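J.: Structure provided below as structure tokens; questions to follow.
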Amino acid sequence: MKNLESNKNAIIIAILLPYLLIIGSVASIVVTIYLNKLNFAIKGSVVVIPAVLSALMLFQGYNMKISSYNERKKSIFLTCPQRRLILLFFILFLLSILILILAPYRPWYYFVLVAILYIIVFLQILSKEPVSFMILLELILILIELIYGTTFKYPLYFGATDIPGHIFLTKVTYLSGHIVPPDLNLYYTYFPLYHIFISQGAYILGSDIKTSLFLILPIPYVITVLLIYFLFNGISKNRRISLLSSFFYSNSYIITYYGTYLVTRAIAFVGFAILLYLLYREISRKSYKYKLTIVFISVFILLIHNVSIIQISVLLVVMLIIEFMFGKLVDLSWKLIVIINTLFIGYWTFASWSFTEYLIKSHVLTLFHTSPLMRHISISNSYFFLTHIDISIATFFTLVGIGYMLQTEKQEHVLAFGVMSIFAVPMYVPNPLQALWQTGSLLRFDRFKLFVTPFIAFAIAWGFYVLNLHYSLIKEDNILKRKIFALLLVLVVMGYSFMSITMHDNANDCKDFPWKNPRTYFNKEELYGFSYIIENVPSNSTLYSDYYTYRFFEPMKRFSLSNFLGIPYYVSRIIPSIEDLPACKGYLSFRKEEFFNEGLYFGKVYNIKLYKPNKINVIKLVYLLQEKSRIYSNPSLDIYR
């Protein structure tokens with residue numbers, strides 16, 4: 001009876017889904033126009049258009065006479081020679097490594113080559129007898145190459161600017177042998193596991209902290225590709241869908257991005273992936289070893305990042321409710337969810353109350369004392385469309401996959417993950433929740449993207465599986481139609497892969513793309529200049545610089561162990577604007593090469609502006625810098641006083 005009831009609930013949701021997509025799409029456009037936010041309405045079409053198209057496809061799919069689940073397993077997309085594809089993969093993979101070594105930066109053809117590698121893996125997945133081990137190995141190799149090919153190619157990759165801060169906090173942990181003191185960084189005093197792990201890695205390897213961070217952390221991160229496969233293979237009992245899930249997981253833009261930007265929340269995500277796998281693994285739930293492992297992983301997540309445990313707890317509670325809807329609570333035990341939440345609430349209340357109190361004052365109270373404020377998106381509509389092509393493709397196949405699995409599946413856990421994917425979509429795609437300052441910046445809804453990626457990947461896999469079914473329904477004598485269909489599908493996957501690895505700040509180092517931004521790494525000359533400051537500028541001096549340089553020196557503030565450890569400290573500030581240069585009293589660091597190439601960010605911490613090297617800005621800058629004394633210079637950086 002429970003099985004019939006759960007299937008009935010799923011079918012009702014599946015039937016309503018295309019109607020809700022069309023109504024929601026039209027309503028969102030009408031509301032944004034009514035609020036005089038036409039710019040948001042235009043940008044929102046990157047989600048609205050694929051949502052409407054997916055609704056139309058679901059209407060068509062529901063009217064098709066679909067075979068049973070077991071029969072659909074036999075539908076094969078292409079007959080591909082596995083050995084030749086594997087050989088071709090490793091030849092092109094070695095060629096891509098050679099390009100990384102010889103080229104001064106990652107050129108455009110490197111990313112094309114990586115997209116081709118993904119296509120080779122995709123063809124293997126949809127071949128007659130896919131070799132799971134080899135496919136997963138290839139996905140891991142591509143991901144690890146993208147990671148190491150970024151972090152080890154440049155002197156100091158910093159991504160979204162948190163990495164220099166983590167390197168400094170790890171240095172303090174390394175030198176002192178203790179967690180960082182509260183007067184240095186309250187956020188990580190009570191959540192020190194990340195910095196302890198990196199510092200111990202540096203001790204064991206005998207390396208510097210930067211090498212320890214970039215070398216060690218990617219290893220557990222890429223292993224999540226295997227966890228995703230085993231998780232969904234256990235749930236769906238379908239090897240091809242599980243391989244597709246791992247494929248779309250590993251080449252999603254958010255996984256690529258956090259692979260190079262391995263900050264605390266990325267490692268917390270590794271813990272979440274392990275936790276998700278353990279909660280759904282087919283083992284005895286009465287085993288004390290199993291329960292202790294769940295508790296151990298929960299403590300790991302709790303101590304590795306301060307707020308990720310909250311987001312993970314929210315997702316687990318939602319999953320628990322969905323499992324209850326479908327009448328099966330064997331794998332996702334409510335007792336374990338209670339234990340996880342009790343651990344986090346107890347630790348925040350009794351062990352780290354000073355942090356909790358600070359968070360309440362700075363975030364929760366601010367939320368209730370400010371009116372809703374929509375963040376301004378300053379980029380052009382054409383640029384927004386270009387950089388979100390992969391999101392549009394993902395949205396279409398995710399929604400199609402959700403509707404299809406809810407309409408045709410009978411397994412409770414597949415249905416539950418299908419419904420969970422519905423909740424994951426608003427957290428993954430651009431929407432008003434992310435545009436509001438209160439939810440986007442204050443409560444950081446944007447950081448849910450990383451944690452919901454496995455659910456999105458599972459739904460995308462089902463969406464492509466639907467196309468596999470459509471392909472199998474084309475008559476075999478209609479060769480032209482089958483070839484065109486196959487070619488279009490390959491082009492879509494290649495376009496998705498290429499855009500995922502080049503957009504969303506994943507290829508800022510490439511100088512060949514027209515959409516390039518200021519690079520997210522420091523070169524050798526800039527680091528030489530920073531070393532000059534550390535060695536020659538007196539402690540407690542005020543340093544003015546662009547935003548990226550500010551983030552390098554901002555963690556180096558005075559704290560209780562500064563003198564004891566012999567660490568210099570500074571007051572780091574951002575240059576408000578070019579016009580405000582005369583008011584910047586103290587030392588001034590100017591990354592001239594980057595300014596004349598792409599520009600520099602000036603302004604305030606939460607309101608920075610890119611100053612491009614146009615004629616007016618160059619004239620102003622040269623004139624105002626002449627009034628200051630230059631005390632250091634190299635081809636990339638000048639230091640003034």
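The values are calculated or read from the model by the stated rules, or taken from the named source; none is laboratory data. Because the structure is predicted, anything quoted here is derived from the model rather than measured. We place every Cβ from the backbone using ideal geometry, glycine too, and count neighbours over all the protein chains shown. Calculation scope for accessible area: heavy atoms of the full protein, side chains included, ligands and nucleic acids excluded. Shrake-Rupley method; radii C 1.70, N 1.55, O 1.52, S 1.80 Å.
J.: When the accessible area of the range 523-640 is computed with all protein chains present and a 1.4 Å probe, what percentage of it is carbon and sulfur? Can you show the working numbers first?
T.: Numbers: 3110 of 6020 Å².
The C+S portion of the solvent-accessible surface of the range 523-640 is 52 percent.
J.: State to the nearest 20 debye the size of the charge dipole of the range 507-575 about its Cα centre, where the only charges are +1 on K and R beta carbons and -1 on D and E beta carbons. Walk me through the intermediate numbers first.
T.: Numbers: 8 positive and 7 negative charges, 37 e Å.
Dipole size: approximately 180 debye.
J.: On the first, second and third principal axes, largest extent first, how far apart are the outermost C-alpha atoms of the chain in Å?
T.: Dimensions of the chain along the principal axes of its Cα atoms: 79, 57, 56 Å.
J.: Where both partners of a DSSP beta bridge lie in the chain, what percent of those bridges are antiparallel, to the nearest 5?
T.: Numbers: 14 of 21 bridges.
Among the beta bridges of the chain, antiparallel pairing accounts for roughly 65 percent.
J.: While we're looking at this one, here's another question. Beta carbons within 10 angstrom, averaged per residue: use that to sort the peptides 617-628, 299-310, highest first. Walk me through the numbers before you get to the answer.
T.: Working: 617-628: 13.5, 299-310: 21.6.
Top to bottom by mean Cβ count within 10 Å: 299-310, 617-628.
J.: What FRET efficiency, computed as 1/(1 + (r/R0)^6) with R0 = 51 Å and r the Cβ-Cβ distance, is obtained for residue 12 and residue 82, rounded to the nearest 0.05? Don't skip to the answer; put the middle values down first.
T.: On the way: r = 42 Å, r/R0 = 0.82.
Once the sixth-power term is evaluated, E becomes 0.75.
J.: For the chain, what are the DSSP H helices with axial Cα length of 27 Å or more and mean Kyte-Doolittle hydropathy of at least 1.0?
T.: Details: long enough: 2-34 (45 Å, 1.32); 38-63 (37 Å, 1.32); 82-102 (30 Å, 2.47); 132-151 (29 Å, 1.96); 218-236 (28 Å, 1.69); 389-408 (29 Å, 1.35); 448-473 (38 Å, 1.32); 479-502 (34 Å, 1.67).
Helix filter hits for the chain: 2-34, 38-63, 82-102, 132-151, 218-236, 389-408, 448-473, 479-502.
J.: By per-residue mean of other Cβ atoms within 10 Å, what is the highest-first order of 197-209, 539-551?
T.: Details: 197-209: 16.4, 539-551: 20.2.
Per-residue mean Cβ counts within 10 Å order the peptides as 539-551, 197-209.
J.: Once neighbouring chains are kept in place and the probe is 1.4 Å, which whole percent of the accessible area of the range 206-254 is contributed by carbon and sulfur?
T.: Details: 850 of 1200 Å².
Reported share for carbon and sulfur atoms: 71 percent.
J.: Determine the principal axes of the Cα atoms in the range 523-640, then give the extent along each, sorted from largest to smallest and rounded to whole angstroms.
T.: 48, 30, 26
J.: Peptides 447-460, 574-587, 498-511: what's the order by average Cβ count within 10 Å, highest mean first?
T.: Working: 447-460: 24.7, 574-587: 16.1, 498-511: 21.0.
Ranking the peptides 447-460, 574-587, 498-511 by packing returns 447-460, 498-511, 574-587.
J.: Given labels modelled 7 Å from the Cα in the Cβ direction, how far is it in nm from residue 60 to residue 292?
T.: 5.6 nm
J.: Any of 37/609; 171/516; 449/516; 171/524 with alpha carbons more than 25 Å apart? Name them for me.
T.: Details: 37/609 22 Å; 171/516 32 Å; 449/516 23 Å; 171/524 20 Å.
From 37/609; 171/516; 449/516; 171/524, over 25 Å: 171/516.
J.: On to the next question. Got a sec? Charge dipole of the chain, +1 on Cβ for Lys and Arg, -1 for Asp and Glu; which of 86, 300, 577 is way out at the positive end?
T.: 86
J.: Would you mind calculating the relative contact order of the chain from Cα pairs under 8 angstrom and at least 6 residues apart, reporting the percent as a whole number? Please list the in-between numbers first.
T.: Details: 873 pairs, mean separation 113.1, N = 641.
With pairs under 8 Å counted, the relative contact order is 18 percent.
J.: For the chain, what is the accessible area per residue in Å², given a 1.4 Å probe and the full set of protein chains? Write out the running numbers ahead of the final one.
T.: Working: 28400 Å² over 641 residues.
Averaged over the residues of the chain, the accessible area is 44 Å².
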